Each structure stands twice: as structure tokens, then as C-alpha cells.
Ligand code: SAM
Ligand code: SF4
């Protein structure tokens, strides 16, 4: 039996897909990358913005023909859209066989058996639960892996659906994280990413004094771990202690993803972000003072309800001041059930699009300029995969997370090479291997 898994959205979903594969392989399923050859199709979905849902609907619609052609083919929908829409998905798309949630991935084999017996569509989406076992996932890469350190989120930013679909924040005990990473390293992994919606609040629910800086410190000491990354950081919990740990540990990447969302204090307050632009600037100044070569990336939302031209200009002003290496920019998308979705939103969509273009143009120029600063310098690069830019090229990442493309043989996948930067674009660098 063959399973085809398609993952939408963030790194947490990618990790969850590796868990889905674990539970199905245990039952004898093998993964296929060819959808037409599969007996089960799993769509692991994202619902962070409405366009993620729209993409999914298009996708499910396209599966109708395949389902008609392939007797016995099961279509299963998991992830955040499943957690949010539940039975409605089956109602809208009767071709769906199983809807499962984000808290019961380990239950999937049982649901498949039930479906095959009962012959009717099943929806099993518990409101909460914790079925994570850090050793139960099938790695898709031989040399890198992501490990969740917190599940869920307690922050309830007013625009965000994540706390509703992922549940309350739970930290995984440090001993379990360390044990699992040691196993991965013994198995050839050199790069680990610690995952959480707000990694900086790690440990607050644990019966111990450990915090995220303490966890970073402990994990970075594991012998054989060449590169340690983490995401996402929330500005309200980003402490000088974390900055100090990153500064003092050689294997922790000099990259911090610190979503600012807006440069306007008025909007930050309504977003329930719990920091001001002044607090944010203070954190950036401290990072730059302690780790001068640290790359800083961010997320920004434009068109939030009530965002005026002046508020938007404050965002433009702060990105010009900070000069992020890269920003992930989004137009606000109302999500059912969130506080922001109930706010009056009188800004026309064409104005939001205008804001968005201005933001993109401003940040792209800054990204191009910050990337130019790497030219002629040499960096250690983890070789990740084939480049999409040119057939003979490979793609890798600097410790500061910037992408670089360079000529080299496939046998370098998963190796660390020294690359000299010889050119730059907005979102990646060009280099040549020197060692
Ligand atoms: N936990 C992270 C944080 O606090 O920044 C990120 C979570 S979310 C997966 C990634 C990004 O999506 C957010 O930083 C935000 O910029 C964006 N986002 C979340 N909800 C959104 C919405 N309703 N509309 C537009 N963008 C949204
Ligand atoms: Fe969403 Fe805010 Fe939690 Fe990030 S911190 S997942 S933006 S509620």
C-alpha cells in the first residue's frame, strides 16, 4: 500500500507529516511521490490565511477525477484546516474519506481501519490532546531534522487562528529533547531546528527552572551537533539571556526570526502583541551590539483593521531603520473566531494592496543591499539540495540562514563546505566553493 503526503504551510506541519509517515509505515504503508500510484492521499493543511484554504479547496476539487478512476483510494485531510473546519470539509467535499486533527495523528491508522470497515466518511478532530513522541517520525532528510520544543500557543494575537487550532502551549521536557537529538546525531544528523510558535516562552509550564536560553545552552553542548537553529521568537519574550547564549555558542546560527507585524504602537496594541515599537527597537539594538553579524528576519502584516496611512508609514519607517535581512509580508486575512475578525475594517482592498506593494518594494531594496554586504566574504555552508537556479548548481545555507547557490557535485549533500560569495540577488547569494 502506498501513501502520498502533501504538506501545506509551516515547518510544524512539515514535522507533523514526518509523524504521519511514521504511523503509516508502522502499518506497512510505503511513501510514494507519485499521487497516481497512491492508495491513500493525505493533505496536511494550513489555514493561517484564507488563500491557504482556497488553495486547498482547488486541490481537493482536482482529486475528484483520480478518486473516480481509482477504486479504494482514500482521501484524508489533516492539519490546521481540518482542525478548524471539521465535518464541514466532508459536507463540502463528499470525496473526503477521513478528516483528522492536529492532536490525534497517532490515531490515523485506527481511523483508516474504521473507514475500511464502516465504509462511510469519518471525522475525528479532538479539541485538544498531546500525542507527541519525539522519536516517532520518519526524517525526510539524512542530515537535518526539526524537533518541536513547544506545541500550541497561549498568546492569542488578535488576528491569529493558531491558538484555536493548535491548542494551549505545552513545553516538551528538556531530557526528552536532548535524548531525541542525541539519537538523531548518532544517525548522521548535523543540523537541528528547534520549533515552536513562541520558543522564547519555553519552559513556563514545566516543573523546573529551565527557560529557552537554558535549553539552547544544553542542546548546543551535544557533541556532534554542527548547527542549531530555532524558530519562531516572539519579541515580548526575547531576553538578553538568549542573546548571550547565541553569542557564546559557536554552533548556534547567527540568525533570529523576530516577527514585528507592525511598526505602529496603535496597531500592535490592537493586535495584542504586548510590545511597543520602542521595546522592539531596544531588542534589535541589543542583538546588533552583542552579535554584530546576526541576520534578522521578520514577518509583517499590512491592512490590519484600522491601519491608517500614518500607521503604515510607521511600519515603513521602522523597516528602514532596522534594515531586516528579509521580511515575510502578508495582507491581513480575517480568520473566523478571532478577535480581529470582529473589528470594523473600512480600508478598501486596493489601498491594502498599495500598502503591500510599497512595503515589498522598500524591503526588497533593503534585502538586496544587505545581501551585497556578503560579497567577497567566506562562509561555512551546509549543502542542502540541488539548486532551482541552474542544473549543475547546489543550494546551501549560511549559518545566518541566507541561501547560497554554487557549482558542485551532488555528493556534497549534507556536507559543510566553505563558500566565497561572488554575487547577490534579493533573496539569495551566488558563491564558489573554496574548501
Ligand atoms: N508564531 C509566530 C509569531 O508569533 O510570529 C508566527 C506564526 S504564523 C504561522 C506566521 C505569520 O503569519 C505571522 O507572523 C503573521 O505575520 C502571519 N499571520 C498570522 N495570522 C495572519 C492573518 N490572519 N492574516 C495575515 N497574516 C497572518
Ligand atoms: Fe499566532 Fe501570535 Fe501565537 Fe504567533 S504568537 S502563533 S502570531 S497567536
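Derivation of every value follows stated rules applied to the coordinates shown; laboratory data play no part. Please read these numbers as outputs of a predicted model, since none were measured by experiment. FYI the Cβ positions are ideal-geometry reconstructions off the backbone, even for glycines, and counts take in every protein chain you see.
Put simply, segment 62-116 fits an ellipsoid with semi-axes of 19, 15, 8 Å; these come from the alpha carbon gyration tensor as the roots of five times its eigenvalues, largest first. Taken along its three principal axes, the alpha carbon spread of the chain comes to 63, 55, 50 Å, from the longest extent down to the shortest.
If you bin all the Cα-Cα distances of segment 293-435 at 5 Å, starting from zero, the percentages per bin are 2, 9, 17, 16, 13, 11, 10, 9, 7, 4, 1, 0.
Placing a label point 7 Å from the Cα of residue 369 along the Cα-to-Cβ line, the residues of segment 245-262 whose backbone N sits under 20 Å from it are 260. Taking 418, 297, 223 as the candidate residues, the one with maximal mean-square fluctuation in a Gaussian network model of the chain, Cα springs under 10 Å, is 223.
Taking every Cα-Cα distance in segment 96-253 and sorting them into 10 Å bins starting at zero, the pair-distance distribution P(r) comes out as 10, 34, 32, 17, 6, 1 percent.
Shape summary: segment 229-342 maps onto an equivalent ellipsoid whose semi-axes, from the alpha-carbon gyration tensor, are 27, 15, 12 Å in decreasing order. Suppose R0 equals 51 Å. What FRET efficiency, 1/(1 + (r/R0)^6) with r the Cβ-Cβ distance, do residue 293 and residue 391 give to the nearest 0.05? Between residue 293 and residue 391 the formula returns 0.95. Net length available on complete extension from residue 422 to residue 236 is 63.2 nm, with 0.36 nm assigned per residue and the Cα-Cα distance removed. With viscosity 1.567 mPa s and temperature 4 °C, the Kirkwood radius over alpha carbon pairs of segment 1-122 converts through Stokes-Einstein to a diffusion coefficient of 91 µm²/s. A straight chain from residue 310 to residue 204 at 0.36 nm per residue would run longer than the Cα-Cα distance by 34.5 nm.
In deg cm²/dmol and to the nearest 500, what is the mean residue ellipticity at 222 nm of the chain if only DSSP H runs of at least 4 residues count, each as -39500 (n - 2.57), divided by the residue total? Using -39500 (n - 2.57) per qualifying helix, the result is -11000 deg cm²/dmol. Between residue 34 and residue 187, the FRET efficiency estimated from the beta carbon spacing at R0 = 25 angstrom works out to 0.35. For segment 280-320, the Kirkwood estimate of hydrodynamic radius, built from reciprocal distances between every pair of different alpha carbons, is 11.9 Å.
If you average the C-alpha positions of segment 175-195 and of segment 80-155 separately, how far apart do those two centres end up, in angstrom? Centre-to-centre distance over Cα atoms comes out at 24 Å.
Taking the inverse of the mean 1/r over every pair of distinct Cα atoms in segment 162-228 gives a Kirkwood hydrodynamic radius of 12.8 Å. Rg over Rh for segment 30-89 works out to 0.98, using Cα positions for both radii and the Kirkwood form for Rh.
A Förster radius of 22 Å, combined with the Cβ-Cβ distance separating residue 135 from residue 221, puts the computed FRET efficiency at roughly 0.60. Taken as Cα centroids, segment 315-350 and segment 370-435 sit 32 Å apart, rounded to the nearest whole angstrom.
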